[in-house]
Amino acid sequence: MARQAPPEHDPEATYKGRTAAEHAERLADLSHMRQLSALEDIAAMGVHGLPAREAIHALIDGIEARNLDPRVAEHVELAALGTLYHIEAPEAPAMARQRILDPGYSERTGTYRRLMGAALNSGMDPESLGADIIGLATSEPEHAARLLRTEALPDTVQADLAQALFPLDHDAETTRFFLEKLADFDFIEPAQTLDYIRSHQDLASENSRATHSLLVIIGTEEALDLALDVSGSTAVGEPRLVGLFAQSEMGAERAMERILEAAMAAETPEAIKAATDALGGLTQELIRPFRGRTAEPGTPEMNLEIVHDLHVGALARLIREGSTEAHQAQGIESLGGYLRNNREVPPNPALEPVFAIATSPEHGREARLNAQQTLQATVTSFGGALEQDPEYVYTETVRMLWTGTDAETTEVAQRILGNARRSSEHAALVLEQLSLTMEAHLDDWAVNPAAAVALSLASMDAFDRHPAREQGTVVVGQLIASEQADLAFLEPPMRRHMNTLANAGNNSATGTIGLIGPTIFAEHAALHREFEPAAFAQIMLQQPAWLTDEPGAAEQWQDFLQQVVAADREHFSTTAQEALDAL
């Protein structure tokens, strides 16, 4: 091969005490390690290493005849070509170019990567090389793909070659390359990405995490379906993956619905639980950005309140629309746990579906009791619903109390309402609700637990001479006068609290009259016929301070006593007359 004229150089220049020609003598050595050492020294001389040029070419030309190990031979030749580049031999770019374009030069992609670097560093025109390489897409597509995989091409050449090769059939290695790089090429549309992954799903599943990341960028529901196919899983089995899609184009609401649909379709308690657990996992993925565990939220419009609303709404749908009691039970359990773990979620309306089942006669006894037990655990937990919104909780719990038909179905409501004793404000709330709602339930068995609650709350020390004492006493009087009043149920709370309510001095005229009046004037065989009527009668003989201190109280009391006398009631009328005489 005719050699081009070399650049100016000094043949007598030395490195490590030797000229380039003297270093070149070691290239004839049979040891490839000594040859590599000589090449390194020559390269270090730069342009002054040009006197070794012919010896380097001889080394290259004789490599094949030496029957070296292919890897060693390749290493030596690449080192020689690199040395030609360093000493500025004019033919170096052309020699590299020839080998780059030769598909038979090497079986290793790394070899072509190093050749590419040497060629471009030696000053080869990248546009000219790029045109030759892109031409290989038609004449030698397999070799062109190998060059593409080196990722050593100039950016524009890499993109153009990828676009030329993408529609063609590829070997497995090139397919893996495209699967990893699909997002890097602007010419590939999302629909093409989906088709490509679908067509090479077996290879895509080898690195499912990378494939998932690619599909999340697309972010559609179709992409999610394909991502789940790649991992051989379902939305229930991959809540973290669904969470990534929830923060993309698909959106959190649809992501929640996907898992909710699986929960709705589940046929066994185990499958339903797995789905609700997955729903919880998805929600935790969405909540994480707002709990400081990652740097950025998924989408600007998302916030913690929205995540809570979506999760609570999904569980509410499972409770309301689930086809079996197992769906309802799991939905209630999951919702209760979620509210206990996320106390910032407002109980209203989050607890509405649980209260609905707890109070509905359309649901079975077991379902109602399950709902009630969940309510108790949820609303009474530290920092729970009772502290957030006591008015809502107590209002709904009083409504639940009225739906009870026996001690078991009212036990939870009594326990929840019993918490009101911790706060006079809460106790007043409950007494107000009992007063407002009792009229419609005076013929129901629930008057008994309601009276027990009212007795307990109205007798609190904080309510001495307080409007809440008066209101609570009136409620008790109405309830114990009901035909449904059950002495066996009421005797314990009455023995504990009735003396406090019957103490007229710490009550009012209205409260005292409200306590005993309904029983005295009841037309039926009321509670007083069983429960020490004489004790009730003795209340009328008291002469509390309000008879003289409160305007109108004496007249109100006298009118009441006169009515009792006129009614001619056994146990009471005689005592009423005695009280009038004392006044």
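The values are calculated or read from the model by the stated rules, or taken from the named source; none is laboratory data. Because the structure is predicted, anything quoted here is derived from the model rather than measured. Here Cβ is always computed from backbone atoms with ideal geometry, including for glycine, and neighbour counts include all displayed protein chains. Ligands, DNA and RNA are excluded from the accessible area calculation, which covers all protein heavy atoms including side chains. Shrake-Rupley method; radii C 1.70, N 1.55, O 1.52, S 1.80 Å.
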In this structure, does GLU206 turn out to be open to solvent by 70 Å² or more (accessible area, probe 1.4 Å) and not basic (Lys, Arg)? yes
Does GLU408 meet the test of being farther than 24 Å from ALA451 by Cβ, surrounded by fewer than 19 Cβ atoms within 10 Å (Cβ to Cβ) and acidic (Asp, Glu)? no
Here are the criteria: (1) at pLDDT 90 or above; (2) surrounded by 13 or more Cβ atoms within 10 Å (Cβ to Cβ); (3) farther than 17 Å from ALA118 by Cα. Tell me which single one LYS16 does not satisfy. (2)
Of (1) open to solvent by less than 20 Å² (accessible area, probe 1.4 Å); (2) over 22 Å from THR397 (Cα atoms); (3) at pLDDT below 95, ASN499 fails just (1)
Can you tell me which of GLU91, GLU127, GLU142, GLU107 is open to solvent by less than 70 Å² (accessible area, probe 1.4 Å) and of a type in the set (Asp, Glu)? GLU91
Pairs, please: C-beta under 9 Å, at least 6 apart or cross-chain, first residue under 15 Å from ALA509 (Cα atoms) and of a type in the set (Ser, Thr, Tyr) and in the stretch 555-572, second at pLDDT 95 or above and surrounded by 13 or more Cβ atoms within 10 Å (Cβ to Cβ)? none
Any idea which of LEU153, LEU136 is among the aliphatic types (A, V, I, L, M), out of contact with any strand residue (DSSP E or B) (no Cβ under 9 Å at 6 or more places or on another chain), surrounded by 19 or more Cβ atoms within 10 Å (Cβ to Cβ) and outside any helix (DSSP H, G or I)? LEU153
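Would the stretch 25-47 turn up any residue that is in contact with a Phe, Trp or Tyr (Cβ under 9 Å, 6 or more places away or on another chain), surrounded by fewer than 18 Cβ atoms within 10 Å (Cβ to Cβ) and either free of Cβ contacts under 8 Å to residues at least 60 places away in the same chain or within 24 Å of SER106 (Cα to Cα) (or both)?
Yes, the stretch 25-47 contains a residue that is in contact with a Phe, Trp or Tyr (Cβ under 9 Å, 6 or more places away or on another chain), surrounded by fewer than 18 Cβ atoms within 10 Å (Cβ to Cβ) and either free of Cβ contacts under 8 Å to residues at least 60 places away in the same chain or within 24 Å of SER106 (Cα to Cα) (or both).
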Are any residues in the stretch 189-239 charged (D, E, K, R) and either at pLDDT below 90 or closer than 25 Å to ALA262 by Cα (or both), and if so, which ones? ARG198, ARG209, GLU221, GLU222, ASP225, ASP229, GLU238
Report, ordered by the first and then the second residue, all pairs with beta carbons closer than 6 Å, sequence separation of six or more or different chains, a first member in the stretch 200-222 that is on the phi > 0 side of the Ramachandran plot, and a second member that is surrounded by 15 or more Cβ atoms within 10 Å (Cβ to Cβ). GLY219/SER248; GLY219/GLU249; GLY219/MET250
Failed condition for LEU84, given (1) at pLDDT below 85; (2) of a type in the set (A, V, I, L, M, F, W, C); (3) buried (at least 21 other Cβ atoms within 10 Å of the Cβ), with all others met? (1)
Filter the helices (runs of 4 or more DSSP H) completely within the stretch 385-477 down to those with at least 1 residues that are free of Cβ contacts under 8 Å to residues at least 60 places away in the same chain and β-branched (Val, Ile, Thr). 390-402, 407-418, 424-437, 447-458
If you go through the stretch 372-387 one residue at a time, do you hit one that is modelled with pLDDT of 90 or more, under 25 Å from HIS466 (Cα atoms) and open to solvent by 30 Å² or more (accessible area, probe 1.4 Å)? no
Do we have any residue at all in the stretch 178-194 that's small (Gly, Ala, Ser), open to solvent by 70 Å² or more (accessible area, probe 1.4 Å) and in a helix (DSSP H, G or I)? no
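Tell me, which residue of the stretch 344-366 that is among the hydrophobic types (A, V, I, L, M, F, W, C) and crowded, with 18+ Cβ neighbours inside 10 Å is farthest from ARG399 (Cα to Cα)?
This residue is VAL345.
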Within the stretch 164-180, can you find the residues that are under 30 Å from ASP125 (Cβ atoms) and under 30 Å from the mean Cα position of the chain (by Cα)? GLU180
If you scan the stretch 211-230, which residues turn out to be open to solvent by 40 Å² or more (accessible area, probe 1.4 Å) and closer than 17 Å to GLU180 by Cα? SER213, ILE217
Do the conditions hold for ALA537, that is, is it touching a Ser or Thr at 6+ places or on another chain (Cβ under 9 Å) and either within 25 Å of ASP568 (Cβ to Cβ) or open to solvent by less than 10 Å² (accessible area, probe 1.4 Å) (or both)? yes
Conditions (1) over 27 Å from ALA172 (Cβ atoms); (2) open to solvent by less than 40 Å² (accessible area, probe 1.4 Å); (3) out of contact with any Leu (no Cβ under 7 Å at 6 or more places or on another chain); number of the one not met by PHE245: (3)
Return the pairs, sorted by first residue and then second, in which the second residue is at pLDDT below 95 and of a type in the set (Val, Ile, Thr), the first residue lies in the stretch 490-514 and is assigned to a helix (DSSP H, G or I), the beta carbons are less than 6 Å apart, and the residues are 6+ apart or on different chains. ALA502/ILE539
Within the stretch 303-343, take every residue that is among the hydrophobic types (A, V, I, L, M, F, W, C) and open to solvent by 30 Å² or more (accessible area, probe 1.4 Å) and give me the one that is modelled with the lowest pLDDT. LEU304
When residues of the stretch 114-163 are limited to those that are over 20 Å from LEU81 (Cα atoms) and basic (Lys, Arg), the one nearest to the chain's Cα centre (by Cα): ARG149
